[in-house]
Structure formats: structure tokens, C-alpha cells
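To keep things clear, I will list the structure first and then write my remarks on it.
Values quoted throughout were computed directly from the atomic coordinates according to the rules given, and no laboratory measurement underlies them. These numbers come from a predicted model, not from an experiment. Heads up, the Cβs are rebuilt from the backbone with ideal geometry, glycines too, and the neighbour counts pull from every protein chain shown.
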Amino acid sequence: MEATNYEIKLAQFEGPFDLLLFFIERDELNIHDIPISKITDDFLAYIQHMQALNIELASEFIFVASTLMRIKAKMLLPRPELDENENEVDLKKELVQKLLLYKQFKEVTEELKVMEESRSMHFQRGNIAQDLKIASKSIRNTEEELSSFTLYRLMIVYERMMYNYTHRIQEVKHTVVKYPYTIEQQKKAISELIELNKTLDFSAIAKHSENKVQFVYNFLAVLEMLQQKLLDIEIGLGYNNFFINKKVS
């Protein structure tokens, strides 16, 4: 007699988060306050069932299973786990955030499927198998194959991309401001001040400067006028103590 082979199929899930969401929705659990002990037991039971049926486990299922066991152990034996910055790591909070993000992706995917079906009623797609074959050749050298790119992996890639974006090296930006000053303009202003006041000291030059930049232009203007022998200078006692006046021919 020929041996009869029986094939038993389990419900298919697009990654471990899809399975976790199934448990949460099935038992009507609060996703923001997941009972870790129960959901860990359900998750491990599913994995053991898969192993009993000789179904190959994806690495993502093993990773999430180990994460759930770590969270459960931490809750039983509370001991703070610190990151590189000595901040406490909340694995449960991180898991919930990833689940919420995955749920958003899944909901958007379902909406896109409806839109795709609606759109396909208007325009014929063509040879989809051939299109996928061409697309797979173009990404053969990339990290992920198109045929094995699941929603879970899409979320992981998105999360890694956002992490790299938020932790990117910020480029240093230098803002160049053009000030409306010229040495010739300040030479004319200083000449007018001397005509009015007959003499100017260092404090008067600083007083008639709108800001530090204009003061620099004023000082350079004074130096140029001294070099051109348009002014006389008298050095006084103390720090920054001098007087300038119009040069007498």
C-alpha cells in the first residue's frame, strides 16, 4: 500500500507583527497595554506548532520571540537595562511603538489594495508576471529581493531609514550678511563729524557706530585718512585714548 501524505496548513502571517496583531485583535486586547505574559505564551505556542510541522521559521519570528521573552523576564525580575547613554531601555514601549507603526502600514496597504482593484477596473495591467520578472532583475544586487519583500521588512527598512535620517550629521551652514557700509562712505561720515565737532576721540567714534561692523569700517576709514594725511592724531594717556582732527595745511 502506498503511504498517504497529509498536509496541514497554518494560517499565514506576513511576519511576526502580523501574528501579534492577530492575537491582540482576537482577544480584544489593548495594544497600548499588552499583557506580555499571555501574548508571549501564545506566540511561543504558535512557533512550537510550526516546528512540530517542520515548517522553517523565519529569522524575524525568532527575533521577536526572543524580544518577548526578554520583556517577560525583565517584568519577573525587574532590573534596569541601560543604553549607551545610561538611559533605561523600555523594551515593551519600543515593541508597542513598532506594533503601532506596523498597524499603520497594514491599514495603508489595505487601502492601497482597494484603490488598486478599483483602478484595475479602468485600465488593464498587462503581463504582471513579466513585469515582476523585469523588476526583479533590476534589484538582483540589492539587499532585498522583490519577491520576498514583506510588509514587516518594509516597516523595518522604513524604521532604519528614519533612524539614519534623524541621526544624520547636520551640515554646518554659514550665513553671510552683506552690510551696507564702505570705507569711502565712512570716511565721508567722519569728515562731516569733524566739521561739526572739530575733534573726535575714540569713544565718540564708537558712539557714532551703529554696531561692531560699522565701528570696524569707521576705524579702517580713520586709518586710511591718516595714511592719506587728511587727519592729525594726538595720542593721550591710558587705553584706547586718542584724538583726531582735521589736518591743518
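Arg26: net charge of surrounding residues, Cβ under 13 Å, Lys/Arg +1, Asp/Glu -1, itself excluded? Don't skip to the answer; put the middle values down first.
Numbers: positive: Lys38; negative: Asp18, Glu25, Asp27, Glu28, Asp42.
It works out to a net charge of -4.
Roughly how far apart, in whole Å, are the Cα centres of region 163-187 and region 223-238?
34 Å
How about Lys212: which lysines have a C-alpha closer than 29 Å to its C-alpha, ignoring those fewer than 8 places off in the same chain?
Excluding near neighbours in sequence, the set is Lys173, Lys178, Lys187, Lys188, Lys198, Lys229, Lys246, Lys247.
For region 190-202, in order, what is each residue's ³J(HN,Hα) by Karplus, 6.51 cos²θ - 1.76 cosθ + 1.60 with θ = phi - 60°, in whole Hz (x at glycine and Pro)?
Couplings: 5, 4, 5, 5, 5, 4, 7, 9, 6, 8, 9, 10, 4 Hz.
Which lysines, on any chain, are close to Lys93 with Cα under 28 Å apart, when same-chain ones fewer than 8 places away are left out?
Of all the lysines, those that pass the test against Lys93 - Cα under 28 Å, at least 8 places apart if same chain - are Lys38, Lys72, Lys74, Lys103, Lys106.
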